[in-house]
Every structure is written in C-alpha cells, then in structure tokens.
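To start, the structure under review is shown below, and the notes come after it.
The values are calculated or read from the model by the stated rules, or taken from the named source; none is laboratory data. None of the values given here were measured: they were computed from a predicted structure. Using ideal geometry, Cβ is built from the backbone for each residue, glycine included, and neighbour counts are taken over all protein chains shown.
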Amino acid sequence: MTHLLPGEVNVMRRVIFTQKGGVGKSSITCNLAAISAARGVRTLVVDLDPQGNASEYLLARPVDGLSDTAEQLFEQALSLNFLTKRDPSGFVHRSPFEHLAVLPAGPGLDLLGARLEARQKVYKLRDALQILSHDFERIYVDTAPAINFFTRSALIAAERCLIPFDCDSFARQSLYGVLETVGELREDHNPNLAVEGIVINQYQAQANLPRQLVEELRGEGLPVLSTMLPSSVKMRESHQAHTPLIHLAPKHKLTLAMVALHDALERSRAEAVARSAVAE
C-alpha cells in the first residue's frame, strides 16, 4: 500500500529505469512528461544520466554547456558550508514547452557518484524531490542504464518505477535484474516504491519474436502493460527537432500510443490513491 505524506496526494514521482541501453528510456521519459505538461500539469524531468540525452532533447543544448545542473546540486551534499547551499529549485531550467521544466544532467555525474556513495548521501535526491514537489505535481526521473549511486537514489526517491523493454533476449535478462533491484530497495529503503509495469517499446506486431517474448513474460506473471509503443522513425525526427511527439506530430500513431500509455498510468495511480484513502 502506498502511504503519501501530507500535501503529496497530487504529487507523483516516477523513475524510468532499465539496465539495458538503447531501449528508449529517455524518449519515454521525455514524451510522457511532455504529455503531462501539455495537459496543464506542472511537470519536471530530472536527468541523472551523464549522457544528458533527456536534457538535450528538451532544452536543445548539450549538458557540457549548461550551468546549474544536477551535478552542482549533488556537489552541495559534499559541502560543509551550509550558508552556500541553494534551494533545489535554483537548478531547474524552463523548457520551451509550457508547464515543463528540466533539472539537467552534468557530464561529471559519474565521477561524483563514487564520492557521494562513500559519504552515504543516497537520500539526498529524495530530500530534494520532496522540496521540488511544492512546485511540481509530476516528476519524471531518467537514469543511466546501470545500477549506480544515482539509480539507487532515484528508486529510493520515487513512488513508481516504469521499466522499458524492447523484446530482445538480452533485455529479458536485464529485466530480471531490474525487478530484483527494485525489490531489494523497496524492502530496505522505500516501501512505497511500486513497479507500475513493463512497457514494450519499439514493438513490431507483425514479427514473431516480439509476440512470443511478450506472451512468455505475461505467462511468468510479470506486469506487462497492455499499451505497447510501436517502432517508428518519427521518434528520431522528434529527437532531431528537440520537440516531443505531442507537439511535433500529435496525431501520429506513436504519439497516440504514448498518450494512451500516459493516461493508463494516470488511471492506475488514481485508483491506487483511492484504494489507499479508503483503507485508511
């Protein structure tokens, strides 16, 4: 059961995570967030992947040219000078899209992670997101495709975890690892963390292997979501234009699938909150 803190009923923190690269993790993060913002919901994307794909997608600037990034936010956690520490909102950048903001990655996040882990700062992101929850109703966290300090921090800070899957045998082994990691972190650090589902990305309905893998995952009782995202060159065009699909091609089949996924996730969360309220 999810227990929300006072004032957090309308706030949702979601991490999109998988250990396999190239499965569309950042694309899903940014497009779900853009749909949320297009609905008038104050939405934030937190980019914790040193590659900064989500940041560059939404801000049209490479992360090595940005100041006030997640890297600087986390560096504050290592400082003993409390007078120089800034509110997390000072690291948030407005995007060109209304109601959508970004806390961008920094290229030095990888090196910083080891220092933060040595100082046991794994709860600092959770603390920062609780503060940012006063300004944003939906927070989407993008992580590197690896179990590292920032991934663990994100899973500890999040309410929900969405797992992309691209119907590849290597992705299947990675999926089991993700589910195990989420289970461990839920037990040890974050009892509110829930796997809300496995989203099938780049799905080719006419191919035998994708259908077979999906059927096998469902046969194992894994939470494969019914909405699947089709493969399309339109996503690459969206990246090149630095414009999420909801703004670039609102009627495209991939956009409509993204909207259906967003709405299904919102309905599921609303139902969970309602059940929690009744139980209390």
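Quick notes on this structure:
- Meets criteria (in contact (Cβ under 8 Å) with a residue 60 or more places away in the chain, small (Gly, Ala, Ser), under 26 Å from Leu217 (Cβ atoms) and surrounded by 16 or more Cβ atoms within 10 Å (Cβ to Cβ)) for Ala171: yes
- Taking residues in the stretch 132-143 that are closer than 21 Å to Ile28 by Cα, and partners anywhere that are part of a strand (DSSP E or B) and acidic (Asp, Glu), the pairs with Cβ atoms closer than 7 Å and at least 6 places apart or on different chains are Asp142/Asp47.
- Arg115 meets the conditions (1) in contact (Cβ under 8 Å) with a residue 12 or more places away in the chain; (2) surrounded by 15 or more Cβ atoms within 10 Å (Cβ to Cβ) in every case but one. The failed one is (2).
- Residue pairs whose Cβ atoms lie under 7 Å apart, separated by 6 or more positions or on different chains, with the first residue in the stretch 236-251 and under 15 Å from Phe97 (Cβ atoms) and the second basic (Lys, Arg) and part of a helix (DSSP H, G or I), are Leu245/Lys234; Ala249/Lys234.
- Some residue of the stretch 90-105 being at pLDDT below 95 and at negative phi: no
- Taking the criterion of being farther than 16 Å from Ala205 by Cβ, within 21 Å of the chain's Cα centre (by Cα) and among the aliphatic types (A, V, I, L, M), the only residue of the stretch 227-240 that qualifies is Met235.
- Residue in the stretch 53-61 that is closer than 24 Å to Val23 by Cα and surrounded by fewer than 17 Cβ atoms within 10 Å (Cβ to Cβ) present: yes
- Against the conditions (1) surrounded by 15 or more Cβ atoms within 10 Å (Cβ to Cβ); (2) modelled with pLDDT under 95; (3) more than 14 Å from the chain's Cα centre (by Cα), Pro145 satisfies every one except (3).
- Tally of residues being surrounded by fewer than 16 Cβ atoms within 10 Å (Cβ to Cβ) and closer than 18 Å to Met12 by Cβ across the stretch 174-191: 1
- Any hit, the stretch 258-267, residues being within 17 Å of the chain's Cα centre (by Cα) and assigned to a loop (DSSP other than H, G, I, E, B): no
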